[in-house]
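Read the structure below first, then the notes.
The values are calculated or read from the model by the stated rules, or taken from the named source; none is laboratory data. From a predicted model like this one, the values you see are computed outputs, not experimental measurements. Every residue, glycine among them, receives a Cβ derived from its backbone with ideal geometry; neighbour counts consider all protein chains shown.
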Amino acid sequence: MPAPNYSAADYLRALQTHLPRGRVWPRDPDAQQTKFLSGFTSVFERLNAAANNLLIDAFPATAVDLLSEWESTLGLPDPCAGESPTLQGRQRQVVARLTSSGGQSIPYFTQYAETLGYAVTVTQFTPFRIGQQGMGAALGTVDWAFTWEINAPPVTVTYFSMGQSGMGEALASWGNGVLVCEMNEIKPAHTILIIANPGLLDSDFVLNQSTLS
């Protein structure tokens, strides 16, 4: 059974039905009493729509009015998303943090990034060892045993989407700041993470490989 969806006109008729009868209680559209009641009915219509949308709005992936409640619970928003994060970006970040069960595998990190809206791959490294690497292989310290790299496009573009984006948002937005911050947040503490992302080399979170050589 679908949820009832009443309009302002429906509520006006309901209010007028409960009024007493008589000449001092007119139902005419241009009557002052009708105009007075109409001031309430538009509010009732909005509340009706909000109540019908409650289950959708309460779910993190589609939350709008309740999105700030989810963010407050999860320690969001954070500076990673910039000053004007998109609705899609905020929802994805909430879902990623809420559904994360933890892990240290490559599939875990790639899936986490995908939930945030990024397509990435992971590269692992090993220190140079005599007899295991060929001539011409790069030399590296023992730190390379604890180093891994996330490979992402230089810029990930999020386009405005009807039904998913908020009113007033730009037609397109781009940036990988959320990916950088989130990956550094969930990486194993003893590891060194490289973000292979030329578009973000000015970020404090991006390590240059020369620091590990």
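Of F40, F44, F36, all but one fail to be aromatic (F, W, Y) and within 31 Å of the chain's Cα centre (by Cα); the exception is F44.
A quick yes/no check of all residues on (1) surrounded by 14 or more Cβ atoms within 10 Å (Cβ to Cβ); (2) charged (D, E, K, R); (3) assigned by TED's automatic domain parsing to the domain that holds R92; (4) modelled with pLDDT of 90 or more:
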| site | (1), (2), (3), (4) |
| --- | --- |
| A3 | no, no, no, no |
| L15 | yes, no, no, yes |
| P20 | no, no, no, yes |
| R23 | no, yes, no, no |
| A31 | no, no, no, yes |
| S38 | yes, no, no, yes |
| S72 | no, no, no, yes |
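Does D65 count as over 14 Å from the mean Cα position of the chain (by Cα) and not in a helix (DSSP H, G or I)? Spelling it out, it is not the case that D65 is over 14 Å from the mean Cα position of the chain (by Cα) and not in a helix (DSSP H, G or I).
For E83, the requirement of being in the same structural domain as L179 (by TED's automatic domain parsing) and among the acidic types (D, E) is met.
To keep it simple, each residue is scored yes or no on (1) of a type in the set (A, V, I, L, M, F, W, C); (2) part of a helix (DSSP H, G or I).
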{"residue": "A3", "(1), (2)": "yes, no"}
{"residue": "R13", "(1), (2)": "no, yes"}
{"residue": "Q16", "(1), (2)": "no, yes"}
{"residue": "R23", "(1), (2)": "no, no"}
{"residue": "F36", "(1), (2)": "yes, yes"}
{"residue": "T41", "(1), (2)": "no, yes"}
{"residue": "F44", "(1), (2)": "yes, yes"}
{"residue": "L76", "(1), (2)": "yes, no"}
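Counting the residues of the stretch 181-198 that are modelled with pLDDT of 90 or more and in contact with a strand residue (DSSP E or B) (Cβ under 8 Å, 6 or more places away or on another chain) gives 7. Tell me whether the stretch 119-135 contains one or more residues that are part of a loop (DSSP other than H, G, I, E, B) and at pLDDT 90 or above. Yes, some residue in the stretch 119-135 is part of a loop (DSSP other than H, G, I, E, B) and at pLDDT 90 or above. Screening S101 against (1) outside the structural domain of V157 (by TED's automatic domain parsing); (2) modelled with pLDDT under 90; (3) more than 12 Å from the chain's Cα centre (by Cα) leaves a single unmet condition, (1).
Quick grid of which residues meet (1) surrounded by fewer than 19 Cβ atoms within 10 Å (Cβ to Cβ); (2) polar (S, T, N, Q); (3) more than 17 Å from M183 (Cα to Cα):
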residue: L66; (1), (2), (3): yes, no, yes
residue: G82; (1), (2), (3): yes, no, no
residue: T86; (1), (2), (3): no, yes, yes
residue: T99; (1), (2), (3): yes, yes, no
residue: Q111; (1), (2), (3): yes, yes, no
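Can you find, within the stretch 25-34, the residue that is nearest to D65 (Cα to Cα) among those that are assigned to a loop (DSSP other than H, G, I, E, B) and not charged (D, E, K, R)? Looking at residues that are assigned to a loop (DSSP other than H, G, I, E, B) and not charged (D, E, K, R), I get P29.
Among the residues of the stretch 55-64, those identified as small (G, A, S) and either touching a strand residue (DSSP E or B) at 6+ places or on another chain (Cβ under 6 Å) or surrounded by fewer than 19 Cβ atoms within 10 Å (Cβ to Cβ) (or both) are A58, A61.
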